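Report on one structure; see the data block that follows.
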Amino acid sequence: MAKQSLTLNNGHKMPLVGLGMWQVTSPEECKDSIRAALDAGYRHIDTAYAYQNEAFIGEVLQEYFTAGKLKREDIFVTTKLWVTYHEKDRVPLCIAESLKRLQLDYVDMYLIHLPVGLRETGKGGLFPLDENNKPAFQDVLLTDTWKGMEQVVRSGQARSIGVSNFNMEQIDKIYKIAEIIPATNQVECHLYLQQEKLFRFLKERGITLTAYSPFGSPARPAYLQEEGAPRVLDDPVAKDLATKYKRSVGQIHLRYLIQRDIIVIPKSTNPGRIQENLKVFDFELSGDDMSKLAAQDKKLRFFTGLQFKGHPEYPFDEPL
């Protein structure tokens, strides 16, 4: 059996496969997915303040703890700081809300969801708008936000801290002043966006890479679907390898990433698929097949966060 977790730069272990909970907002669907995942053996759940499903996840975790099926230390929970809480003294307020919903005393990983900050205006919901109905950008220094993140480790509210959707320049800003180095950077990463440059950059600094949308998010919202964009799951090389290894195409995609020491958080609400996505530790791709898959990189980003374009910390202009 291949290794199933990575040891982070602070000594904590993070399971290589987790369940991504983005876009799962129906209470029943969310709770059923979490139960299916825990029953299948998942020990890593990835959510966020902005996903608006922390309370449902918390309910199921409590159910399993109370029934004695799991102990708190068995499970690795990630959640994220939202863009309206970037000021140093607001970071603890955001995590406190998340912990209350999750019914936990601490999370295992707390990430800055995006490098872009917005100010609360009471208009526009999660993405506040200014008086001209434009995003209410706020320019908080990322180094200040990071100081707030370090505070939640010291208070015991988070075991590990990291970032999400950060580019190399932004990581560097934090790395230079950090008393606690980020443990991971969670970014879009799949066969058509392999993030090799970023991966190497992070590795040199002892930071892991967590891949969201490891299948290229085939169910992403319509506004993110470009006509004629290739579907990652239709990749012919991965399909051939699925036949060769007698595996599903999805398993080939996940195996490729975890074999590169990349943590993956595939999202699914289908119990069969949830089980299948975890069955990637009992086979290995040959070096030759890894090279074939490496050659499929198209540097194709599906999540460009265009609503944040114009903010000084918009992260997606850095060359891949």
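The values are calculated or read from the model by the stated rules, or taken from the named source; none is laboratory data. Since the model is a prediction, treat every value here as computed from it, not as a measurement. Every residue, glycine as well, gets a Cβ built from its backbone with ideal geometry; the counts of neighbours run over all protein chains shown.
For TRP22, the criteria (1) surrounded by 21 or more Cβ atoms within 10 Å (Cβ to Cβ); (2) in contact with a Phe, Trp or Tyr (Cβ under 7 Å, 6 or more places away or on another chain) hold in every case but one, which is (1).
Being part of a loop (DSSP other than H, G, I, E, B) and closer than 11 Å to THR145 by Cα is the requirement here; does PRO115 meet it? Before you say what the answer is, go through the steps one by one.
Numbers: part of a loop (DSSP other than H, G, I, E, B): yes; closer than 11 Å to THR145 by Cα: yes.
Yes: the conditions hold for PRO115.
Looking only at the range 60-74, which residues are of a type in the set (D, E, K, R), part of a helix (DSSP H, G or I) and either under 21 Å from the mean Cα position of the chain (by Cα) or farther than 19 Å from SER26 by Cα (or both)? Give the derivation first.
Taking the range 60-74 as the starting set, the residues that turn out to be of a type in the set (D, E, K, R) are 63, 69, 71-74.
Then keep just the ones that are part of a helix (DSSP H, G or I); that gives 63, 72-74.
Hits for the range 60-74 are ARG72, GLU73, ASP74.
Name the single residue that is surrounded by the fewest Cβ atoms within 10 Å (Cβ to Cβ) among those in the range 90-105 being closer than 20 Å to VAL116 by Cα and not hydrophobic (A, V, I, L, M, F, W, C). Checking each candidate, the answer is PRO92.
Report yes if some residue within the range 239-251 is surrounded by 15 or more Cβ atoms within 10 Å (Cβ to Cβ), at pLDDT 95 or above and within 20 Å of the chain's Cα centre (by Cα); otherwise report no. It would help to see each step written out before you state the result.
Of the residues in the range 239-251, the ones surrounded by 15 or more Cβ atoms within 10 Å (Cβ to Cβ) are 241-242, 245, 247-251.
Next cut, at pLDDT 95 or above only: 241-242, 245, 247-251.
Then drop every residue that is not within 20 Å of the chain's Cα centre (by Cα), which leaves 250-251.
Looking through the range 239-251, at least one residue is surrounded by 15 or more Cβ atoms within 10 Å (Cβ to Cβ), at pLDDT 95 or above and within 20 Å of the chain's Cα centre (by Cα).
Restricting attention to the range 266-320, the residues that are in a loop (DSSP other than H, G, I, E, B) and loosely packed, with under 13 Cβ neighbours inside 10 Å total 10. Checked against the criterion of being more than 15 Å from the chain's Cα centre (by Cα), at positive phi and at pLDDT 95 or above, the range 11-30 has at least one qualifying residue. Restricting the range 166-200 to residues that are aromatic (Phe, Trp, Tyr) and within 24 Å of ASP108 (Cα to Cα), the residue that is farthest from the chain's Cα centre (by Cα) is TYR175. Just wondering, is there one or more residues in the range 172-195 that are touching an Asp or Glu at 6+ places or on another chain (Cβ under 8 Å), surrounded by 15 or more Cβ atoms within 10 Å (Cβ to Cβ) and assigned to a helix (DSSP H, G or I)? Among the residues of the range 172-195, not one is touching an Asp or Glu at 6+ places or on another chain (Cβ under 8 Å), surrounded by 15 or more Cβ atoms within 10 Å (Cβ to Cβ) and assigned to a helix (DSSP H, G or I), which makes the answer no.
Out of the residues in the range 106-123 that are surrounded by fewer than 19 Cβ atoms within 10 Å (Cβ to Cβ) and out of contact with any Pro (no Cβ under 8 Å at 6 or more places or on another chain), state the one that is farthest from ILE263 (Cα to Cα). Quick ask: steps written out before the conclusion?
Going residue by residue through the range 106-123, those that are surrounded by fewer than 19 Cβ atoms within 10 Å (Cβ to Cβ) are 106, 119-123.
Now drop any that are not out of contact with any Pro (no Cβ under 8 Å at 6 or more places or on another chain), which leaves 106, 123.
Working: TYR106: 21, LYS123: 36 Å.
Within the range 106-123, the match that is farthest from ILE263 (Cα to Cα) is LYS123.
Among the numbered conditions (1) surrounded by fewer than 16 Cβ atoms within 10 Å (Cβ to Cβ); (2) outside any loop (DSSP other than H, G, I, E, B), the only one that ALA229 does not meet is (2). Filtering GLU29, GLU73, GLU87 for residues that are of a type in the set (D, E, K, R) and either crowded, with 23+ Cβ neighbours inside 10 Å or in contact with a strand residue (DSSP E or B) (Cβ under 9 Å, 6 or more places away or on another chain) (or both) leaves a single hit, GLU87.
When the range 144-163 is filtered for residues that are outside any helix (DSSP H, G or I) and crowded, with 22+ Cβ neighbours inside 10 Å, the ones remaining, listed by number, are ALA158, SER160, ILE161, GLY162, VAL163.
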